Amino acid sequence: NDKLLTHFTAGMSSVIADFLWIRCIHYTSQHFKGDGKFTWLNHMCNVITRLDPYFVSVYRYGGIFLAALKADDDASIDLLKRGMRQNPYAWELPYEIAMTYLLNRGDQPDSAVHAARFLGMAVETGNAPAFVADVAGALQVAHDLTDIERSMWEKTRTSGDKFLRDLAGRKLGELDLREACKALNKAAGMYRERFGRAPASVEELVSGGIIERVPVDALGGRFFMDTKGVIQNTTVLDGQVQRIRNSLRTAVNGYKKLKGHPPSSLDALSKERIMEVVPPHPYLERSWEYDPNTGEVN
């Protein structure tokens with residue numbers, strides 16, 4: 001009973017919380033190897049966090065245990081949200097809520113949107129590592145949450161970490177370029193309505209009087225029309241290439257650890273369920289170059 005326990009800690013609530021957390025880990029381990037029921041797990045986490053509301057690890061790992069082992073994602077999210085109220089600068093807590101939405105509730109239509117919002121909150125703490133911002137940005141792009149993404153990167157640009165400030169500046173630039181692509185493709189639709197055919201190039205939008213000029217890419221790339229007639233930007237596509245290539249290299253390394261050798265082809269990653277599917281190259285006319293001898297992807 002945590003209410004009674006508080007009266008008997010003699011001002012040493014955090015010490016007792018440490019002890020109970022060790023007991024909770026032992027309990028979880030025993031039931032993981034045993035019946036797998038974890039009946040008291042939620043209660044134990046609640047007791048510990050009431051004794052020490054600033055014990056971030058209990059909120060985080062208790063939430064992971066509840067979601068991954070007990071499959072009680074409601075209890076997991078409730079615990080993590082309570083931790084966020086007490087520890088607003090702990091990026092780990094909204095991050096784990098996002099992971100619960102993606103992993104436990106991935107079959108629900110709004111799970112990715114909720115995950116993107118909580119990942120944005122993680123970034124807004126100013127303490128999250130760069131990979132969290134990358135995941136958040138990818139989800140927000142996929143679900144057209146542009147306002148959330150811009151707000152996230154604007155806050156990151158005030159970070160005390162120079163790397164994160166530089167990253168935020170580039171991501172805001174990429175966001176401007178993606179919005180410019182949308183505007184140019186809308187202009188291409190207007191060109192088709194006016195002239196009865198698709199423009200042959202981005203420059204034809206200017207000569208046809210649809211736009212005044214082609215936007216300038218401050219990050220050094222250029223706008224072009226791909227083989228399907230969609231206007232793209234090289235800076236945006238290059239960023240996608242880098243992210244997907246890193247994912248493929250990670251998957252190849254995972255395959256090597258599992259099998260002891262690189263896969264014979266990238267398709268083997270999906271056959272062995274290392275990846276659900278090998279993503280296509282962002283540039284339509286290109287494909288991934290893979291060396292099965294070294295496992296290198298380019």
Mind checking whether some residue in the range 2-22 is more than 21 Å from the chain's Cα centre (by Cα), open to solvent by less than 80 Å² (accessible area, probe 1.4 Å), over 30 Å from Glu124 (Cα atoms) and of a type in the set (D, E, K, R)?
-> yes
Is there any pair linking a residue in the range 26-54 that is over 18 Å from Asp73 (Cα atoms) to one that is among the charged types (D, E, K, R) and open to solvent by less than 30 Å² (accessible area, probe 1.4 Å), with Cβ under 6 Å and at least six apart or on different chains, and which?
-> Val47/Asp2; Arg50/Asp2
Test each condition in (1) small (Gly, Ala, Ser); (2) in a helix (DSSP H, G or I); (3) closer than 26 Å to Glu285 by Cβ for Gly169 and report the one that comes out false.
-> (3)
Has the range 98-105 got at least one residue that is more than 21 Å from Val15 (Cβ to Cβ), open to solvent by less than 40 Å² (accessible area, probe 1.4 Å), of a type in the set (Lys, Arg) and free of Cβ contacts under 8 Å to residues at least 60 places away in the same chain?
-> yes
When the residues of the range 28-62 are filtered to those that are in contact with a Phe, Trp or Tyr (Cβ under 9 Å, 6 or more places away or on another chain) and farther than 26 Å from Met12 by Cβ, which remaining residue is surrounded by the fewest Cβ atoms within 10 Å (Cβ to Cβ)?
-> Phe32
Which residue pairs have Cβ atoms closer than 7 Å, lie 6 or more positions apart in sequence or on different chains, and pair a first residue in the range 266-278 that is touching a residue at least 24 places away in the same chain (Cβ under 8 Å) with a second residue that is part of a helix (DSSP H, G or I)?
-> Leu266/Leu248; Met275/Ala251; Met275/Leu269; Val278/Asp267; Val278/Leu269; Val278/Ser270
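The values are calculated or read from the model by the stated rules, or taken from the named source; none is laboratory data. As the structure is a computational prediction, the values presented were derived from the model and not from experiment. We place every Cβ from the backbone using ideal geometry, glycine too, and count neighbours over all the protein chains shown. Remember, those area values only see protein heavy atoms, side chains included, never the ligands or the DNA or RNA. Shrake-Rupley method; radii C 1.70, N 1.55, O 1.52, S 1.80 Å.
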